[in-house]
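The next block holds one structure in the form of structure tokens; read it before the comments.
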Amino acid sequence: MTVRTRTRTSTVYSGKASSWLNPSGDTWTEISHRETCVDDVIPGDNGNLTITKSDLKPIIFNGEWRSSSTVYFKYTNAPMNVDLPISTTWSSYIGTSTGDKGNGAYATDLLAKTNPSRPNVDLPVFIWELRDIPHLIKILGDSAPKTLAQSNLSYWFGWKPLLSDLSTMLNFQSVVNNRYNELKRLSKRGLRRTIELDRHSEDASKSGSFYFPTQFTSPRVNFTSKYSRTTVVRGHVKWVPSSGFPKTDAAMLALARRAVFGLTLDFATFWEAMPWSWLVDWFSSVGDFLIYQRNLVPCTYKDLSIMRQHEINGVTTPSFVGDMKGISVSEGSSTVTLKTRAVASPAITAFLPGLTPRQISILASLYVLRNRGGLSGGGLTHS
């Protein structure tokens, strides 16, 4: 496989620096904009790809400093790129995201959410959970201190999924028609899906110092760089029909109905019915993997890739060490956009995500009930 790299740069910042050792001075320049594209040279348009765009405003030196009549430094709009990610990768500045689940987990999530066999209502699980309705009604009438924790859990694991399922079933004709139309498109030209899977942000800082001119041990400048990064993760996949796909409209409509209501018993059904599967799914891709494996609709996927877009903003604040009267140095900044596309495959993986407020409230409620003796082993089959 051939990998090609293309780069385009522009230089805007330019100034002059001189000293008693170099009276004629040197011209300092900094690249203000850089674009780099690295991709695989392969047939099609779904290979590995990395695109980086960087914009830099370097720190600028101006003024003149003298320790005697002959020892001096002089700067005229002299730029310096101290610690801004213009020519290196973002990872050396802000590190790998702690919230990133990895390509295998994202690929599994993508397939679970786009699989034409995915259920809107898993009817066998819904029927199994109807046994919890009397308990949910009882909680509404309780007034004990632990009721707040019970009510929180009953909402997230009882009322919310119950009402969502009932709403879907009341609109079953529309839901089934939508899936039928999806299967029609699948049979004719395949289904291309690009969806957002995750987004998160991080902050980081870095400190250091340098000497200028660099061959001397004074004067010295300290600097502090602060960075923020926002990452959006998307997935792309194409589903195509396989052998056994229905040929008639009537058969396709019947299949759409089965898929929407999950009219099958498989590992995904049993997993959803297990009391604590929701907690495992917070930290792994087991549930998504089982949904992706559901094959009520005969089809396969191809051209699966995971795409990330990172927006990185950095600010560098310099300060002199010692007496440098007469010399001023401005703040620097940079903006980097990094886009990557990687060919991926589904996998059962474990990860440590940042918990959302909803998840934290659920864990807090479980803690309260456990310590007040109000936690039973039943229910809790939705998250």
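Give the residues of region 44-58 that are within 30 Å of Ser305 (Cα to Cα) and modelled with pLDDT of 80 or more, sorted by residue number.
Asn46, Gly47, Asn48, Leu49, Thr50, Ile51, Thr52, Lys53, Ser54, Asp55
For Tyr75, only one of the following conditions fails: (1) under 30 Å from Ala342 (Cβ atoms); (2) in a strand (DSSP E or B). What is its number?
The single condition Tyr75 does not satisfy is (1).
Residues checked against (1) modelled with pLDDT of 80 or more; (2) surrounded by 15 or more Cβ atoms within 10 Å (Cβ to Cβ); (3) not aliphatic (A, V, I, L, M):
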residue	(1), (2), (3)
Arg199	yes, no, yes
Asp203	yes, no, yes
Phe212	no, yes, yes
Val221	no, yes, no
Thr224	yes, no, yes
Thr230	yes, no, yes
Val233	yes, yes, no
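Please go through region 36-54 and give me each residue that is in contact with a Ser or Thr (Cβ under 9 Å, 6 or more places away or on another chain) and surrounded by fewer than 15 Cβ atoms within 10 Å (Cβ to Cβ), ordered by number.
Selection gives Val41, Ile42.
Give me the residue from region 59-96 that is at pLDDT 65 or above and among the small types (Gly, Ala, Ser) and, out of that set, nearest to Tyr13 (Cα to Cα).
Per the criteria, the residue is Ala78.
When you look at Ala149, is it under 30 Å from Thr337 (Cβ atoms) and either small (Gly, Ala, Ser) or at pLDDT below 55 (or both), yes or no?
Criteria not met by Ala149.
Can you tell me which residues in region 250-306 are surrounded by fewer than 19 Cβ atoms within 10 Å (Cβ to Cβ), in contact with a strand residue (DSSP E or B) (Cβ under 7 Å, 6 or more places away or on another chain), modelled with pLDDT of 70 or more and not polar (S, T, N, Q)?
Matches in region 250-306: Pro298, Lys302, Asp303.
Could you tell me whether region 99-110 includes any residue that is at pLDDT below 85 and within 18 Å of Ala204 (Cα to Cα)?
yes
So which residues in region 9-27 are of a type in the set (Gly, Ala, Ser), surrounded by fewer than 13 Cβ atoms within 10 Å (Cβ to Cβ) and within 30 Å of Cys37 (Cβ to Cβ), if there are any at all?
Correct list: Ser10 only.
Here is a list: Gly332, Gly326. Which entry is at pLDDT 85 or above and surrounded by 12 or more Cβ atoms within 10 Å (Cβ to Cβ)?
Gly332
The values are calculated or read from the model by the stated rules, or taken from the named source; none is laboratory data. Only a predicted model underlies this, so the values are computations on that prediction, with no experimental measurement involved. Note that we place each Cβ from the backbone using ideal geometry, even for glycine, and neighbour counts take in every protein chain shown.
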